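Report on the following structure.
The values are calculated or read from the model by the stated rules, or taken from the named source; none is laboratory data. All values derive from a computational prediction rather than experimental measurement. Note that we place each Cβ from the backbone using ideal geometry, even for glycine, and neighbour counts take in every protein chain shown.
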């Protein structure tokens, strides 16, 4: 199939100040539920290039002094009250953005190929084709009651990954870069990513329909490195539809390095950059400005309250609020599941708001169930929550920003 994101018709806000009528969030989720129940989408997805062993840890000071709060942990280390902590492993899982996204897309019925750093027992058995570039990273997840802190120990193969490695994978697999969607993750941990994106742009003979790029936590990265990444994405846009996908903090970090930086009216530092109190107008301004500055087909933001996508279609921003759910029992991994749902939706040619809703639902299901949901799981999850969402959103058929 040929994937395209250029035909989105639902518009939430436009630069000309006009507002277009859109479906209510409840009807968007109902549409998604029906699509999920219709069966697997005919979508091919390749995910690359990282991989990790995730070690969940309980944190203790001394012997048996369990640290339950991230704030307490940080304050104790910063003040010098404790100079050491004990990490007690409680579980080991496969991990990495590419791995998690591949698992999520496979669960939704996509035809998946995983190219990653998979040389470990925990990463040796998947129900889809794989190619390993070498040893994975080790990520220790310090689990607190209110949040999780990730400490990554990267391997030399991740740091040195480049053209030779990618070329070997392309030769060994069945045209992995010709998938409907190529999901490229964790730029922050794989320095060769920028050069490889340029390399794919230069190939021109074997390119994907859509390239979905999630850079990882690039907050406080070298501004020049971020700008180089955007230059590479601009070049790649000449041969494929490029969609940049990041969370709210990361989008803010990206727009701050533009020349000139994007500063919405009234913008000022906030104690919690993820707070839902950040105005929707701020989000939309940043997404629209970043997409236009880099010249991409789309820029996506995922956050606790909603997801949004700036598109080239009339410079629109489409947004979908998250479902109302119970409190999360996991604090990490939601973004990767969001990416999986988004990739499946974009690759299937669904409307932008349906693809965003698929990402929202996949992420929310994982964070509230501690496992990746398949299409039936997500459809039932929507069914369980849609009545309440319908009542809360019945007044919101038209966005009047």
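Only a single item in (1) surrounded by fewer than 20 Cβ atoms within 10 Å (Cβ to Cβ); (2) more than 15 Å from residue 49 (Cβ to Cβ); (3) in contact (Cβ under 8 Å) with a residue 40 or more places away in the chain is not met by residue 172, and it is number (2).
The set of residues in the range 287-307 being crowded, with 21+ Cβ neighbours inside 10 Å, assigned to a strand (DSSP E or B) and without any contact (Cβ under 8 Å) to a residue 60 or more places away in the chain consists of 299, 300, 301, 307.
Residue-wise test of (1) over 11 Å from residue 357 (Cα atoms); (2) under 15 Å from the mean Cα position of the chain (by Cα).
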position: 307; (1), (2): no, yes
position: 314; (1), (2): yes, no
position: 317; (1), (2): yes, no
position: 321; (1), (2): no, no
position: 326; (1), (2): yes, no
position: 331; (1), (2): yes, yes
position: 336; (1), (2): yes, yes
position: 342; (1), (2): no, yes
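Filtering the range 175-185 to residues that are surrounded by 24 or more Cβ atoms within 10 Å (Cβ to Cβ) and part of a loop (DSSP other than H, G, I, E, B) leaves 179, 180. Tell me yes or no: at least one residue of the range 314-331 is in contact with a helix residue (DSSP H, G or I) (Cβ under 6 Å, 6 or more places away or on another chain), under 22 Å from residue 41 (Cα atoms), part of a strand (DSSP E or B) and touching a residue at least 12 places away in the same chain (Cβ under 8 Å). Scanning the range 314-331 turns up at least one residue that is in contact with a helix residue (DSSP H, G or I) (Cβ under 6 Å, 6 or more places away or on another chain), under 22 Å from residue 41 (Cα atoms), part of a strand (DSSP E or B) and touching a residue at least 12 places away in the same chain (Cβ under 8 Å).
Of all residues assigned to the range 186-204, none qualifies as being outside any loop (DSSP other than H, G, I, E, B) and under 17 Å from residue 111 (Cβ atoms).
For every residue, the table says whether it meets (1) touching a helix residue (DSSP H, G or I) at 6+ places or on another chain (Cβ under 6 Å); (2) farther than 18 Å from residue 193 by Cβ; (3) surrounded by 18 or more Cβ atoms within 10 Å (Cβ to Cβ).
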residue: 94; (1), (2), (3): yes, yes, yes
residue: 99; (1), (2), (3): no, no, yes
residue: 122; (1), (2), (3): no, yes, no
residue: 126; (1), (2), (3): no, yes, no
residue: 143; (1), (2), (3): no, yes, yes
residue: 159; (1), (2), (3): no, no, no
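Within the range 29-44, restricting attention to residues that are out of contact with any helix residue (DSSP H, G or I) (no Cβ under 6 Å at 6 or more places or on another chain) and surrounded by fewer than 16 Cβ atoms within 10 Å (Cβ to Cβ), the residue that is farthest from residue 383 (Cα to Cα) is 42.
Residue by residue, here is whether (1) more than 30 Å from residue 351 (Cα to Cα); (2) at pLDDT 95 or above holds:
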site	(1), (2)
1	no, no
18	no, no
36	no, yes
48	no, yes
56	yes, yes
65	yes, no
72	yes, no
81	yes, no
107	no, yes
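Of the residues making up the range 117-142, those that are under 21 Å from residue 337 (Cβ atoms) and out of contact with any strand residue (DSSP E or B) (no Cβ under 6 Å at 6 or more places or on another chain) are 117, 125, 126, 127. Please verify whether the range 215-224 includes one or more residues that are under 26 Å from residue 313 (Cβ atoms) and either in a strand (DSSP E or B) or at pLDDT 95 or above (or both). The answer is yes; a qualifying residue exists.
For the range 45-60, filtered to residues that are outside any loop (DSSP other than H, G, I, E, B) and touching a helix residue (DSSP H, G or I) at 6+ places or on another chain (Cβ under 7 Å), the residue that is nearest to residue 113 (Cα to Cα) is 46.
If the condition is being part of a loop (DSSP other than H, G, I, E, B) and either touching a residue at least 60 places away in the same chain (Cβ under 8 Å) or in contact with a helix residue (DSSP H, G or I) (Cβ under 6 Å, 6 or more places away or on another chain) (or both), then the range 205-214 contributes 206, 208, 209.
Of the residues 336, 284, the single one that is at pLDDT 90 or above, part of a helix (DSSP H, G or I) and over 14 Å from residue 360 (Cβ atoms) is 284.
Taking the numbered list (1) without any contact (Cβ under 8 Å) to a residue 24 or more places away in the chain; (2) assigned to a helix (DSSP H, G or I); (3) over 22 Å from the mean Cα position of the chain (by Cα) in turn, residue 83 passes all entries but (2).
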